[in-house]
Amino acid sequence: MSSKLEIQWTPAANKFITWGSELNLYETVSLRDGCIPTVKLSNTIGANLLATNSTHHYVKCIDIYPKCESDLLLAIGQVNGRVTLLTFGPSQFDSLSLPGKEFVPRHPRQCNVVAWNPIEGNLIAAGLDKYRSDHSLLLWDIMKCPTVSDMNGSGKLVVNTMAPGLELAKPVAEFGVSEMTHSLAWFNSNSKCVAVGMNLKNIKLIDFRDSSKAVNSTLTKAVYGLCIDPHNDKHLASFIDNQVCVWDTRNFEKPIVTLPHSKSVIKIGWSPTRHNLLTSLQRDSSVITLYDIQHTFVGTEEVEPSVLERVIVPGSPHNITSFSWHHSYENRLLTIALSGSVNDFTVCDRITLNWAPNSNMVWTFGSKTMKCINDDTSLYGTLCDISHKIKQRAIDGYGLKDDFLKNGELIDDVMVSKCWNWLQISSQLVEEGILRGYNSKHPGVRAVLKMDGTINKSELISMAWTDLGNVNCYSSAKIYKHEDRDKALHLCGWYFERDVSSLSLFLERLQKEQAYSRAAAISVFNLKIKMALDILNQGSENGLPNLNVVAMALAGFSDDKTSMWRQLCSATRAQLTDPYLRAMFAFLTAENYSYENVLNEDGMLVCDRIAFACTFLSDSKLHDYLRNLTSQLIDDGNLDGILLTGNSNDGIRLLQKYLDTTGDIQSTTIIGVKAFSNDMFGNAVKEWVSSYRNLLDTWQLWNERALFDIMLSSYRPTDKPPQQVYISCNFCGKSISAFMQGLNRGRGTFSRMGGTPNKLKVCQSCMFSFLTFTFQMSSCPNCRKPLPRCAICLMHMGTTTGLHNSDDGDNRLAEFSHWFTWCQTCRHGGHASHMIHWFKEHSECPVTPCTCRCFSVDSLSNEIST
């Protein structure tokens, strides 16, 4: 047989053949069953050898009969041009006398390719080398071949072409006189047409119903390995040397795709389970290249396709000589190496991941299966992202509260919650008059310190430690005072001088929150060391035993630079795990009033670091520090920076960076709407608002979207959403709502008509999917035709039923019970009170001929019925 090793799946799902020096038939088995296979194909699959045939020594090509899965019938093309039919042992083909038949050309020469017809299984096409007076493409009918009995008496039916007087079978069709056939492939949808690569110069399309001439042809040297796309007969592929060409038979002049390779190509093939997936194998290679050819249409015209290239390593340790795709198992292929090792490999697809706005995630798993993760999937908890949180917050009413603190309570994000708390503090300070002279509801620390203008000179105050009750200290602490610094301390929550007990109250609150280290550090920063010792001892009594050791170390405080206490604290401070304790000892051991170790302690809250800087830094150092800190917080998207920026342009930049970092469009939008003035409501905030509204619409959170619009209009009256619901006349079709809006602008005219201006009302608690309007006119103002009647009381809509007179003589809108409603489905309706009474006892429409079940189609019907 051929020295080259080939492999091919059979029509049976679990069998394949290999051939080289001999022909072998294998059956795949699972290794989980505990069996020991002849060949191990993968970690889970093995194969057992079923049969071997070594009687044919000059095999050049093989194809397997495609119409039978139980038994195999092979067509073998040989060096002498003969095509022999072969089976492995007894089979159903024995009754047809097919095994052993031979089809012999008139002149012997090499058979390069043999192929069964995929539709008419009795036809075989064979491609031969050139002979000057003979055809190179022969079509055989296996049912029209003469046979004689074996002279050995075995009873086997064979064709003995050397028997005297026996006339050889003739092909049913021929093509290509004095030409050479290199490769051929049948079309899957036409049993009479075949593509043939000939003469190393062209590909011809042959219709055997008229085999005297080619139907179509193209000039090319890529005549080897012809194969038809199993999913599209119009596409075929071929190769020559290191180049693969893909053709479209509708435009056969040139290839639609040319794929260059670094080495010579030895085999190509289309995937039978994946559309437009072409496979190629190069000489002396241990990898297989996949080409995903994506065809694109612009309108009705197909443009040049794009190709996604991918390389897979099936696992063969040596050079791969052949491969074969499984005909039904998706993405499964076999490879055989030069050493004879066989590998069973499954190609992992490029998946298309789709993340729905409702937080469901879907991706493809082959062409027949889709994987999904949703709220009910156990894996969803590990994949929960910001969109799921945003949706739940919207349902809970987050951002709609006028009280900033309540919005902070509804969110589980500590940083955002602190931002809401600070907005509440700043608004209170503005209302109380502590922060005056700022064109802002929420001025930041930089604004109150006037950092964008001239630097105010602060008063330096020196306070001796001995005056503060520290007997072991002889130096003084330097603090800076200014009215603007006091305002900044108010914003940070650190202003304690107005009330003597305010510091104690603040520290007591921290102790209730178990923040003993922070309370102790703030006490020290306010030069209250004895108070800090009491706090640390209290913390050790409440389950934090390490704090009593810290208290002992703090009790020995001395400002002597050569003291043992200072040296030990400076050396061991970095070993403390609590950032506030590190900052506390860094403050007490600072040299020359240099507090970098305190100010750069990232574990401290931003408000505490800013307050410390406002107390102990000079004006120039304070401004430099706050500028650097502002830039750092904006770059990090840290909302703690809102304390510095307030509702300024830097605040917009901070929110945008926070949005880019977290994707929290909800908090970004609501803070932007509530905290920033109309002057700051630029394109960025408008885009946030639009994105958040679209997100709520995508989730079908209509009520939440409406409530957000109401909140938005209260902060931005100029951005009030346009009217979306109109009422029009049944007769003339003109809008009554538009007429009523015009009357709002001309109240005198309407007064003469005896009514009041119209106000469009959409009740949020409206039931039956009804729309509710109030009108005080009973006819169309355009055509004067009467408005529809109430289905219950039969009075025209818009009569004086909806009005009552007050003592001052003004007409006012009536109660909701007198408003007019109608079903969104059948358009019947009437007074709201009448409709409510009707649907308490009925579910169908009150209009007699109407079969609409108005009450049943509404999502609130169950709630109302209870």
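Points to keep in mind about this one:
- Note on residue 600 and residue 631: the extension gain reaches 9.7 nm, defined as 0.36 nm multiplied by sequence separation minus the Cα-Cα distance.
- Of the solvent-accessible surface of the range 263-361, computed with a 1.4 Å probe and all protein chains present, 52% belongs to carbon and sulfur.
- Using R0 = 30 Å, the C-beta based FRET efficiency linking residue 514 and residue 571 works out to 0.55.
- Members of 67/101; 734/840; 406/840; 512/674 lying beyond 27 Å, as alpha-carbon distances in this model show: 734/840; 406/840; 512/674
- Take the convex hull of the alpha carbons in the range 586-714; its mean projected area over all directions comes to 9.4 nm².
- For residue 683 and residue 355, the FRET efficiency from 1/(1 + (r/R0)^6), where r spans their Cβ atoms and R0 equals 25 Å, is about 0.40.
- Added length on full extension, which subtracts the Cα-Cα distance from 0.36 nm per residue, residue 785 to residue 297: 170.3 nm
- Electrostatic tally near residue 646: other residues with Cβ closer than 10 Å to its Cβ, Lys and Arg +1, Asp and Glu -1, net +1.
- Each Cα pair under 8 Å and six or more residues apart adds its sequence gap; the mean of these over the residue count of the range 11-127 is a relative contact order of 19 percent.
- When 438, 131, 398, 329 are compared by accessible surface with a 1.4 Å probe, the order from highest to lowest is 329, 131, 438, 398.
- Taking 13 Å as the cut-off, the amide N atoms of the range 254-273 that come nearer than this to a point 7 Å along the Cα-to-beta-carbon line of residue 311 belong to 261-263.
- Accessible surface for residue 796 stands near 50 Å², nearest 10, in the context of the full protein assembly shown (1.4 Å probe).
- For the range 596-700, the per residue solvent-accessible surface stands at 37 Å², with DNA, RNA and ligands left out and a 1.4 Å probe.
- Where only C-alpha atoms are counted, convex hull volume of the range 1-51 per residue in Å³: 79 Å³
- The 1.4 Å probe gives accessible areas that order 364, 55, largest first, as 55, 364.
- Out-of-range pairs (alpha-carbon distance over 28 Å; input 441/657; 530/561; 170/267): 170/267
- Take the Cα radius of gyration of the range 509-557 and divide it by 2.2 N^0.38 Å, N being the number of residues; the result is 1.00.
- Label-point separation in nm, residue 713 to residue 430, each point 7 Å along Cα→Cβ: 2.4 nm
- If the chain linking residue 242 and residue 844 were pulled fully straight, counting 0.36 nm for each residue of separation and taking away their Cα-Cα distance, it would gain 209.2 nm.
- Here residue 275 and residue 51 are evaluated by their C-beta separation; at R0 = 56 Å the FRET efficiency comes out at 0.95.
- Mean Cα-pair separation over length for the range 306-366, i.e. relative contact order, pairs under 8 Å, 6 or more apart, %: 24 percent
- Inter-label distance for residue 329 and residue 177, nm, one decimal - labels placed 7 Å from Cα along Cα-to-Cβ: 5.0 nm
The values are calculated or read from the model by the stated rules, or taken from the named source; none is laboratory data. Here the structure is a predicted model, which is why all the values come from computation and not from measurement. All Cβ positions, even for glycine, are placed from backbone atoms using ideal geometry, and neighbour counts span all protein chains on display. Protein only, heavy atoms only, side chains kept; ligands, DNA and RNA dropped before computing areas. Shrake-Rupley method; radii C 1.70, N 1.55, O 1.52, S 1.80 Å.
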